[in-house]
Amino acid sequence: MTDKKLIVENELAQHLNIRDVKGEKIINTKMSQLCCQLAEEGIVLLENNGVLPLQKEDNIALFGRSQFDYFYVGYGSGGEVNPPYKINLVDGLKAENVMLNELLLDKYQKFIENHPIQDSLWGQWPRHLDEFELEDGLLKTVSQQSNVAVVVIGRAAGEDRENELEPGSYYLTETERSNLDRITNFFENIIIIINSGNIIDLSWLNNYKDKISALLLAWQGGMESGRALANILVGNANPSGKLPDTIAQKYDYYPSSNNFGQPEITEYVEDIYVGYRYFETFHPEQVLYPFGYGLSYSQFTVNSNASIQDDSILIKVQVENVGKVAGKEVVQVYYNPPQGKLGKSLRNLIRFDKTVELKPKESEELEFRINISEMASYDDSGATGNPYCYVLEPGQYDILVGTSLLDLKLVCTYDLKKIRVTEKLSQKAPAEYEFNRMFPKRVGNDLEVAFQKVPVRIENLKEKIIQNLPPKITIPNKDNLYLSTSKTIEELILSLTPTELDSLTRGEGKMDSPLGPKGNAGILGGTTDSLREKGIPPITTTDGPAGIRLNYYTALLPCGTALASSWNTALVEEMGKVFGAEMKALKTQVILAPGMNIHRNPLGGRNFEYFSEDPYLSGKMGAHYVLGVQSNKVAACPKHFVCNNQETNRNKNDSRVSERALREIYLKGFEICIKEAKPYSIMTSYNKINGVWAHYHYDLVTDILRNEWKYDGCVMTDWWMQLAQDPNFEHLTNNAYRLRAQVDILMPGGLSFTVKENDNSLIESLEKDDGITIEEVRRSAANILRFIEKIYA
Ligand code: BGC
């Protein structure tokens, strides 16, 4: 950032929208720069007839009240951050000396004064803000003064509440529509900015066809939103964002549209055909803007070659900037596997990378190595003769390279003669109840949607659990002492009484604990005097993901979807590093982030917190976020494990999903993040998965996460959990049921809602012969203590 920009930042301080929160200002300039750059790189340019970047002489008429009342982030735990400043679009443009139509600015300012945003209760937040009807008289005058109209359409959603298929949420309001009708009558240059954490309906673009000169999807860019947008609009920055989701022509085309938001049971009928996997396989013609798409002010050529060496493929991609301005390009590698006994998506993202900023005529070579086993599919039915295995079915595996799904070129084909099993697993977390799932049926040359029954559980969970109870804890010969205690970790665990173990496996009881900085989400670890006396320190948790949710000024980051749209993992990691340092400065040790759930449907209320419809992109983004944060020896806590894909009845809803879709889509992002970044902790989700609440899910947490993926960190519940009796074991309820699954900590620990502070389920179960074993409880204690050690050692 140049000195000039730093001065601008100070000038902008006059417009700062500082909330009345007492605390230190922790933001450092580096964080502001990173937030700005990530917000810029996350902005996706969807249309541009040459109107952008703006010219010095352009006079801009800014429409839409979000120019002032910008939506910087969504609502709820993931958005409630107190940034020291927030730059809206007006301030951002003014700082760049863009000529703005003063008459119109004044109109909006007056309207906003008379229609202030009302405070709202949790879950009642406004999804859009009132606009005034534009009149022809005003438009006539404004269009004589200004040659470019910039129209901002603002939307927000949040926790505990979906977007709705209603005007003002997924659809435009009547006023927005009639205003657009009028603006298109008066202006020839019209730039539309969508400021939303979610994808909204864009079918109305068809009504205006060539009348829209440019379209930008700016998401919610955090506290630097306005500066980032202004930099893109004036050309200080060249757009390089790419869609992390498919924009379909209409909502009904999304494959989950008939199975989303049900209060009790949500059947994931579309199976693995989520987002572009569905559209590319069955209906590419239903797409308005495809996954991976985004324009630049420059042009790039992409030339690739590939060589196959045994079981791996090496792809070299030469990217050259052949345009007139400097910019970055994203290279995306997909594979198209053969259809076999298992249906397959015709496109699957397998690698991506972003170039450095290339000046005109500059080029960069990117290299990708793929192991063919990464293209395997999970056979959850035995259709290939290899039940519960990852298999490569025989046939041709095409590797395609491009800069979005629209311009892919075939670079090589791997021809596999015989079926190959790449990993032998066993049935885990399958559907417990039958339902129909989608698969592609060949009809002539086409693949058509057909349905088949989802495979259901065959193995006996109870027996599996009994056979795998942990052995007695042994004291190793090593004399590594735990933190500053005089005991090894095993000795320390053996010294804990059942009551202390019970305390250690729950949070301290409430949010905003006096043991942590003001506004924290709760304390774990040394939650009681006796645990602290034994040398176990208290650990503070805070939300996430858009910043550190405390009563202190902290950076408000671009929302998860904006980060993913940057496709810039290195930059996300760099931001994570500064963010982790900010956590240290504020004395919090766990950030309840990143949000790793899949954008299964555009109405998902928390989509803004999550990255993408694609598990690979989500997994990579999550991994680099975690690597950055944890380089400071503070913990990330990817959430919500797993299938928190809707907000409707989120604590009770049962996500019914095939084992294959779980493994290939919903778990995959977590798997990548966990294997590559080793997050110290993980949060389960509120919902049920195939009939079992995530916080009681033995198959998911013990068998997949820990046994298969070798995860040795700490698993905590989402905040509060439901009372339940283990259907397989009479004397296991609530906390005992939870610990059998190795969900180590109930957060924030009780006190209210469902499982209460005085819940005695663990101790009662320990006292029964066929209850939870002391070794299972100690196993979780070890998970927790090791986790704390990573922070304090
Ligand atoms: C949310 C979590 C959040 C927690 C603590 C829950 O309601 O689902 O994402 O981290 O609250 O605020």
Original post:
Of the residues Gln299, Gln249, Gln262, which is in contact with a Ser or Thr (Cβ under 8 Å, 6 or more places away or on another chain), open to solvent by 30 Å² or more (accessible area, probe 1.4 Å), farther than 22 Å from Leu617 by Cβ and at pLDDT 95 or above?
Top reply: Gln249
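Quickly run through region 174-199 and pick out the residues that are among the β-branched types (Val, Ile, Thr) and buried (at least 21 other Cβ atoms within 10 Å of the Cβ).
Taking region 174-199 first, the residues among the β-branched types (Val, Ile, Thr) are 175, 183-184, 190-194, 199.
Ile183, Ile190, Ile191, Ile192, Ile193, Ile194, Ile199 - these are the residues of region 174-199 that are among the β-branched types (Val, Ile, Thr) and buried (at least 21 other Cβ atoms within 10 Å of the Cβ).
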Original post:
Since Gly137 meets every condition but one in (1) among the small types (Gly, Ala, Ser); (2) surrounded by fewer than 17 Cβ atoms within 10 Å (Cβ to Cβ); (3) more than 16 Å from the ligand (Cβ to nearest atom); (4) modelled with pLDDT under 95, which condition does it not meet?
Top reply: (4)
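Looking only at region 651-668, count how many residues are assigned to a helix (DSSP H, G or I) and within 16 Å of the ligand (Cβ to nearest atom). So that I can check it myself, show each step before the final result.
The initial filter retains those residues of region 651-668 that are assigned to a helix (DSSP H, G or I), namely 659-666, 668.
Add one more test, that the residue is within 16 Å of the ligand (Cβ to nearest atom), and what stays is none.
Number of matching residues: 0.
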**OP:** Go through (1) in contact with a Cys (Cβ under 9 Å, 6 or more places away or on another chain); (2) open to solvent by less than 20 Å² (accessible area, probe 1.4 Å) and name the single condition Arg786 misses.
**Re:** (2)
Original post:
Of the residues that sit in region 343-357 and are aliphatic (A, V, I, L, M) and touching a residue at least 60 places away in the same chain (Cβ under 8 Å), which one is farthest from Met621 (Cα to Cα)?
Top reply: Leu346
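If you go through region 218-237 one residue at a time, how many are in a helix (DSSP H, G or I) and not charged (D, E, K, R)?
Applying the first criterion (in a helix (DSSP H, G or I)) to region 218-237 yields 222-234.
Filter again for not charged (D, E, K, R), leaving 222-223, 225-226, 228-234.
Qualifying residue count, region 218-237: 11.
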Original post:
Among the residues of region 486-495, is there at least one that is crowded, with 17+ Cβ neighbours inside 10 Å, farther than 30 Å from Tyr253 by Cβ and touching an Asp or Glu at 6+ places or on another chain (Cβ under 8 Å)?
Top reply: yes
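Which ones in region 558-587 are within 15 Å of the ligand (Cβ to nearest atom) and modelled with pLDDT of 95 or more? First the steps, then the outcome.
If we filter region 558-587 for residues that are within 15 Å of the ligand (Cβ to nearest atom), which is where we start, we get 559-560, 583.
Scanning region 558-587 gives Cys559, Gly560.
How many of the residues making up region 617-650 are of a type in the set (A, V, I, L, M), open to solvent by 20 Å² or more (accessible area, probe 1.4 Å) and within 14 Å of the ligand (Cβ to nearest atom)? Break it down into steps so the answer makes sense when it comes.
As a first pass, look at region 617-650 and keep what is of a type in the set (A, V, I, L, M): 617, 621, 623, 626-627, 629, 634-636, 642.
Narrowing further to those that are open to solvent by 20 Å² or more (accessible area, probe 1.4 Å): 627.
Checking which are within 14 Å of the ligand (Cβ to nearest atom) leaves us with none.
Number satisfying all stated conditions: 0.
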Original post:
Restricting region 94-130 to residues that are of a type in the set (Asp, Glu) and open to solvent by 40 Å² or more (accessible area, probe 1.4 Å), which is modelled with the lowest pLDDT?
Top reply: Asp119
Original post:
From the list Asp69, Asp91, Asp106, Asp58, which residue is more than 16 Å from the ligand (Cβ to nearest atom) and under 16 Å from Ile153 (Cα atoms)?
Top reply: Asp69
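Could you tell me which of the residues Lys577, Lys587 is surrounded by fewer than 24 Cβ atoms within 10 Å (Cβ to Cβ) and in a loop (DSSP other than H, G, I, E, B)?
Details: Lys577 fails: in a loop (DSSP other than H, G, I, E, B).
Exactly one of Lys577, Lys587 is surrounded by fewer than 24 Cβ atoms within 10 Å (Cβ to Cβ) and in a loop (DSSP other than H, G, I, E, B), namely Lys587.
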Subject >> Candidate set from region 157-173 (those that are at pLDDT 95 or above and of a type in the set (Gly, Ala, Ser)); member that is surrounded by the most Cβ atoms within 10 Å (Cβ to Cβ) >> reply: Ser169
Original post:
Which one of the conditions (1) closer than 18 Å to Asp379 by Cα; (2) surrounded by fewer than 18 Cβ atoms within 10 Å (Cβ to Cβ) does Asp407 fail to meet, given that it meets all the rest?
Top reply: (1)
Subject >> Matching strands (runs of 3 or more DSSP E) fully within region 434-541 where at least 1 residues are within 16 Å of the ligand (Cβ to nearest atom) and either of a type in the set (Ser, Thr, Tyr) or touching a Cys at 6+ places or on another chain (Cβ under 9 Å) (or both) >> reply: 522-525
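Residues Ala623, Ala661, Ala636: which one is touching a Cys at 6+ places or on another chain (Cβ under 8 Å) and either at positive phi or in the same structural domain as Leu563 (by the TED database) (or both)?
Exactly one residue qualifies, and that residue is Ala623.
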Subject >> Residue in region 719-748 that is farthest from the ligand (Cβ to nearest atom), counting only those that are surrounded by 24 or more Cβ atoms within 10 Å (Cβ to Cβ) and among the charged types (D, E, K, R) >> reply: Arg740
Original post:
Of everything in region 154-179 that's over 16 Å from Asp130 (Cβ atoms) and aliphatic (A, V, I, L, M), which residue is nearest to the ligand (Cβ to nearest atom)?
Top reply: Ala157
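The values are calculated or read from the model by the stated rules, or taken from the named source; none is laboratory data. Just so it is clear, the model here is predicted, and its values are computed rather than measured. Neighbour counts are summed over all protein chains in view; Cβ atoms, including those assigned to glycine, are modelled from backbone coordinates with ideal geometry. Just so you know, the surface numbers come from the protein's heavy atoms only, side chains and all, with ligands and any DNA or RNA stripped out. Shrake-Rupley method; radii C 1.70, N 1.55, O 1.52, S 1.80 Å.
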